[in-house]
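Here the structure comes first, spelled out in structure tokens, and everything after it is commentary.
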Amino acid sequence: MAFGGWGFNPDPMNVPKKEKPDRDEQLENLLGNLLVAKYQVARLEDKVTQRVYDGYKKSTFVFKNNDTWYKVSINIDKQEPEKKEPEEFKCSYCDEKFATDIELGLHHNIHAPSHDEDEEANLDQALETSP
């Protein structure tokens, strides 16, 4: 019977163990690191963009390694993305234009006879030519 009728267990050492859910802690750490890295990349891209906007378009870094000096220079050029015209799909029967290939496919059903009509025509032709 529970202590005091409240369901309280007075013995803290006699606590039933809960089953741990199946977790891959290494995978969780990798995913966490990936999210942090994506955030850091976004922040760095924002900082570079701001520096270019402020007029800094060249950077030089000089360092020495094993008694050899190295100089790294970076030039930044701003480029606008290419603007693409939306692709148009044109009907080969009537030259009507459509925005998607799905719309064009539905439109082609208007021009092409249905499969059942073709079968009926072939059957009728076969019956006419048979002896």
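Of the helices (runs of 4 or more DSSP H) lying entirely inside the stretch 19-130, those containing at least 3 residues that are out of contact with any Gly (no Cβ under 8 Å at 6 or more places or on another chain), loosely packed, with under 10 Cβ neighbours inside 10 Å and at pLDDT below 85 span 115-129. Of all residue pairs spaced 6 or more apart or on separate chains, those with beta-carbon atoms under 8 Å, a first member in the stretch 33-60 that is under 19 Å from residue 73 (Cβ atoms) and a second member that is of a type in the set (Gly, Ala, Ser) are 58/73; 59/73; 60/73. Restricted to the stretch 57-73, and to residues there that are hydroxyl-bearing (Ser, Thr, Tyr) and under 21 Å from residue 47 (Cβ atoms), the residue that is farthest from the chain's Cα centre (by Cα) is 60.
The values are calculated or read from the model by the stated rules, or taken from the named source; none is laboratory data. Since this is a predicted model, take the numbers as computed values, not measurements. Every residue, glycine among them, receives a Cβ derived from its backbone with ideal geometry; neighbour counts consider all protein chains shown.
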